[in-house]
Every structure is written in structure tokens, then in C-alpha cells.
Amino acid sequence: MGETLLTHDVPSEHAPWALVTGASSGIGAEFCRQLAKLGYRLVLVARREDRLRELAGELRTAQTGEPLVLPEDLSDPGSCARIEHALSASGVAVDFLVNNAGYGVPGTLVDVSWERHDDFLQVMVNAVCELTWRLMPGMLERGHGHIINVASVAGMAPSSAGHTLYGASKAFLVKFSESLAEEGAPRGVRVSALCPGFTYSEFHDVTGTRDRVSQLPKALWLQADEVVSYGIESVLRERPRVVAVPGRLYRLLVWLFGAFPALGRRLAARNAHKYRDTD
């Protein structure tokens, strides 16, 4: 890594702050654990306050102090402004932002109510952009900072029927991160889009596709701790990976999709039913 933090060398009152959305479980909770080990104080953002309090208790140490718990539903358009206000009121300047909150909406576009799609886009696209817009200026002013937008291989792979907006939203995050990285680099702010493939977490339980995806080959599955470690290393290294794809198999697949798009589309159409609702 190009930059690390040692907890025993950084008093808690001077340790930098990291904010993680979707912190209550899965990849988000793992980000919190690994960033705490690097010496960051944590701001935990998610809907489930009980899960956040439980995680805060786990992460509380003499080095990093008490995490700041902010229960917020990012589908509420006012949530990002409330988060910024709470940070300001607590005197917290965020140096490491992880936009991780996300989920999938099963089914085809027209079979799902627009209200559900609207909430989805608010969480997956609008909240990411707004929270970054609110917190990045402070990083630019201080001359340092890190931002990880958790995207997905789905944002670079050919899309198929079902979960129609998921891949599209992740493709947006990849392009958003690429532009943001160019804007931030001259002033010391590093940005990376983390693009995992299938990862063991609660994601597929929420989308109702657990039984289906459990039948996929084990070689396609990543562990959350490996994904997070790769993501943090990618943005902290001397030359950040702006688009970070954990796992050699997935890096190969992304290359194949780019080199042979027609083949990728055929494979996606043929196999989509194995991991998503396409009816």
C-alpha cells in the first residue's frame, strides 16, 4: 500500500474519520472492521440502528474510540443533508468515504412499480453522488482523502433481462468514479470503483435469489474480507486502481467481455436465469 495508518502511533483524538454507508452487514461491515484496524474512527450509516449499535460495540477500542452511529435510509432524498449536518454538529471531518449501500430489485422493468425503482435509483445513484458532493470539498480543501464507490462486475458485463437497473446503476458508478478520480488527483483525493463479482453476503437474501445463486460454481464466489482488502489496497496504493476488480477470474471475464462483446451478450442471455429473476 502507498499509505497505511498505525493505530498505536495515532492517538484517537487525532485519528482520521471514515464513513461507510450500508455498514450494518456484509461488505459494509467488513469495510468498517478493516478500516478500524488501520486506525480510522468510524461513522456508521445504514437503516438498521440495532445492527449499527451492535457493530459499534464490536469496533469500539481505546485507539479508535466510539464510532458515530447515524441511522439513515438513503432512499429518503433528505438523508444526505442530515448526514452532513450530523457530521458538522459532531465536529467530524471525513477523510475516507465508502459509498457501499445497495441492493437489487428482482424482476423486469415494467413489472415493478416505479416507486420501488425510484427508491432504488435514489440509493444507488443519487445518494452516492450527493454524499460525495457534500464530503469531497473538505477533502480537497485539506489536500487528502479517499473515496471508494462499491460498484460491481455487473457494471462492466453485458446485461440481460431482470434486475434491469442494477447493472446500469453500477456502470454509472464506474464512469462516475473515473471522472471523479481525474478531478480529485491533482488535489490529493484518490478515488476507486470497487467492482466485485458474486460475494458471500446478505445481498442475495435481500433480493430473494439465494437458492438460485447457491447453485453457481464455487469458483465464482468471493469472500467479503478479500474483496474489502483488495478495495482498500487499491485506493491506498501509490498509483490507485481507479477501477478495481478483485479476483483473477473476474479480471479475466471483464477482459473477455470487452474483447468479445457479442459473445458476452450471448452468455449473459443464456445464463441470466441462474442468478436473477428474468420473468
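The values are calculated or read from the model by the stated rules, or taken from the named source; none is laboratory data. Here the structure is a predicted model, which is why all the values come from computation and not from measurement. Glycine gets a Cβ as well: all are built from the backbone with ideal geometry, and neighbour counts include every protein chain shown.
Looking across segment 79-122, the residues that are in contact (Cβ under 8 Å) with a residue 24 or more places away in the chain and of a type in the set (S, T, Y) come down to S79, Y103, T108. So is D95 under 25 Å from T199 (Cα atoms), within 18 Å of the chain's Cα centre (by Cα) and charged (D, E, K, R) or not? Taking the combined requirement at face value, the residue does not satisfy it.
With respect to the conditions (1) more than 15 Å from the chain's Cα centre (by Cα); (2) under 18 Å from S25 (Cβ atoms), A81 lacks only one, and its number is (2).
Regarding H144, is this residue at pLDDT 95 or above and either within 28 Å of G78 (Cα to Cα) or not acidic (D, E) (or both)? Yes; evaluated as a whole, the condition is true for this residue.
Here are some residues: A193, A181. Which one is surrounded by 24 or more Cβ atoms within 10 Å (Cβ to Cβ) and either part of a strand (DSSP E or B) or of a type in the set (A, V, I, L, M) (or both)?
Of the residues listed, the single one that is surrounded by 24 or more Cβ atoms within 10 Å (Cβ to Cβ) and either part of a strand (DSSP E or B) or of a type in the set (A, V, I, L, M) (or both) is A193.
When G78 is tested against (1) more than 27 Å from C195 (Cβ to Cβ); (2) buried (at least 20 other Cβ atoms within 10 Å of the Cβ), only condition (2) is not met. Scanning segment 106-129 for residues that are surrounded by fewer than 24 Cβ atoms within 10 Å (Cβ to Cβ) and of a type in the set (A, V, I, L, M, F, W, C) gives L109, V110, V112, W114, F120, L121, V123, V125, C129. Taken over segment 140-160, the criterion of being under 19 Å from P240 (Cβ atoms) and of a type in the set (D, E, K, R) is satisfied by R142 alone.
Okay, residues lined up against (1) out of contact with any strand residue (DSSP E or B) (no Cβ under 8 Å at 6 or more places or on another chain); (2) of a type in the set (A, V, I, L, M):
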| position | (1), (2) |
| --- | --- |
| Q122 | yes, no |
| C129 | yes, no |
| L140 | no, yes |
| N149 | no, no |
| S152 | yes, no |
| A161 | yes, yes |
| T164 | yes, no |
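State yes or no: is T132 surrounded by 15 or more Cβ atoms within 10 Å (Cβ to Cβ), over 13 Å from the mean Cα position of the chain (by Cα) and hydroxyl-bearing (S, T, Y)?
It is false that T132 is surrounded by 15 or more Cβ atoms within 10 Å (Cβ to Cβ), over 13 Å from the mean Cα position of the chain (by Cα) and hydroxyl-bearing (S, T, Y).
Restricted to strands (runs of 3 or more DSSP E) entirely inside segment 41-128, those with at least 1 residues that are β-branched (V, I, T) and closer than 26 Å to K175 by Cβ are 41-46, 94-99. A single entry from A157, A185 fulfils the requirement of being touching a residue at least 60 places away in the same chain (Cβ under 8 Å), under 30 Å from W255 (Cβ atoms) and more than 15 Å from the chain's Cα centre (by Cα): A157. State all residues of segment 47-70 that are surrounded by 15 or more Cβ atoms within 10 Å (Cβ to Cβ), out of contact with any strand residue (DSSP E or B) (no Cβ under 7 Å at 6 or more places or on another chain) and modelled with pLDDT of 95 or more; if no residue qualifies, say none. Result: R51, single match.
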